[in-house]
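Notes follow the structure.
The values are calculated or read from the model by the stated rules, or taken from the named source; none is laboratory data. What you see is a predicted model, and the numbers here were worked out from it, not measured in a lab. Ideal geometry is used to build each Cβ from the backbone, glycine not excepted, and the neighbour counts take in all protein chains shown. Heads up: the accessible areas ignore ligands, DNA and RNA and are worked out on the full protein's heavy atoms, side chains in. Shrake-Rupley method; radii C 1.70, N 1.55, O 1.52, S 1.80 Å.
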Amino acid sequence: MANEMLNSEFYSNIKEILETARKKAYAAINFAMVEAYWEIGKRIVEMQDGNKNAEYGKKLIKEISKKLTIDYGKGFDETNLRKMRQFYLCFKKRDALRLELSWTHYRLIMKVENENARLFYMEEAIKSNWSTRQLARQINTFSYERLLASKGNYDVVADTTKKETTMKPKDVIKDPYVLEFLGINDTSNFYESDLEQGLINRLQKFLLELGRGFSFIARQQHLNIEGRHFYIDLVFYHYILKCFVLLDLKTGDLTHQDIGQMQMYVNYYTKEKMLAGDNPPIGIILCSDKSDALVKYTIPEGYNQIFTSKYMLYIPTEEELRKEILLEREYLENKN
């Protein structure tokens, strides 16, 4: 009898109640953040308009950023505050804000200069429940312009959404912007599988046990680069070499995209994190599949001489890292 009840319409109704409640909760968090950022943008614009000095406007955002970061943590750097200011300028009517769209959706839509195109992407994102990736794809493939050129043929829009499932409500709570807004630290549990976590655990321990100057900085280091979110698996500082060491693990085949992404990380640390007296950062990509492992080193362009003459005195060799990752992978797979 109990099994019949669980398979009945009765149980389906209970599930529907919970799913509806969750959707409302996620939507409420999202919209509270959107409204707050709109209000912050409005206050900034009003304060800057009250003082026409351009230098004053820059200092205002800088000072607000410092204070908000102290009180509320990351998420309120100058770039984000300028985005809030732009948000208000793009959508001056508060009533026009839509409950269905996240802050990430709005950040993407703000990049569109044409107001009619912005409205088009807003309405289509709501109607078709586009994820932020789908919205970005639509914008980057000029769906609005192609729709005009096709004289209203919506097939040109629908075609690009077939590559990805629509957004699920629970994805909202994993959005780094939402986590920052709520003051919740984004943990590695959101982003690592059991195998990846085990391998990264071992690599972290291995490097710290080498005794060659590694000092642990961060795990799953969050980078926000031009509105896109990236996570570096492990970040160390080498106090002998005086440089950052970035490590990323890939459990599949190594691709050109992986190499390009690590080069981007290295370039970011070179420009944003290096202090006076630091040497250029080094990136290490470890790629592991069931039968082999590949190690790839990445440094800023033009620093090959430094890498070969100095870094390799303290950085593990490719063979050391390769052996360690294969042994640990074999152990984890046998354990499972």
Taking the C-alpha atoms of the range 1-147, how large are the radius of gyration and the largest Cα-Cα span, Dmax, in Å? 20.1, 76
When all protein chains stay in place, what accessible area (Å², nearest 10, 1.4 Å probe) is found for Met274? 50 Å²
Report the accessible area of Trp130, computed with a 1.4 Å probe over the heavy atoms of all protein chains in place, in Å² rounded to the nearest 10. 10 Å²
How much of Arg137 can a 1.4 Å solvent probe reach, expressed as accessible area in Å² and rounded to 10? 60 Å²
Show Lys273, Lys24, Lys15, Lys250 ordered by accessible area, largest first, where the area counts protein heavy atoms only and the probe is 1.4 Å. Lys24, Lys15, Lys273, Lys250
Sorted by accessible area (1.4 Å probe), largest first, how do Glu330, Glu324, Glu226 line up? Glu226, Glu330, Glu324
If packing is taken as the average count of other Cβ atoms within 10 Å, what order do 37-45, 240-248 fall into, highest mean first? 240-248, 37-45
Please list Arg329, Arg202 in order of solvent-accessible area, largest first, computed with a 1.4 Å probe with all protein chains present. Arg202, Arg329
Solution diffusion estimate, µm²/s, Stokes-Einstein, the range 57-112, Kirkwood Rh from C-alpha pairs, 37 °C, viscosity 0.692 mPa s: 266 µm²/s
Gap in Å between the Cα centre of the range 92-143 and the Cα centre of the range 216-234? 26 Å
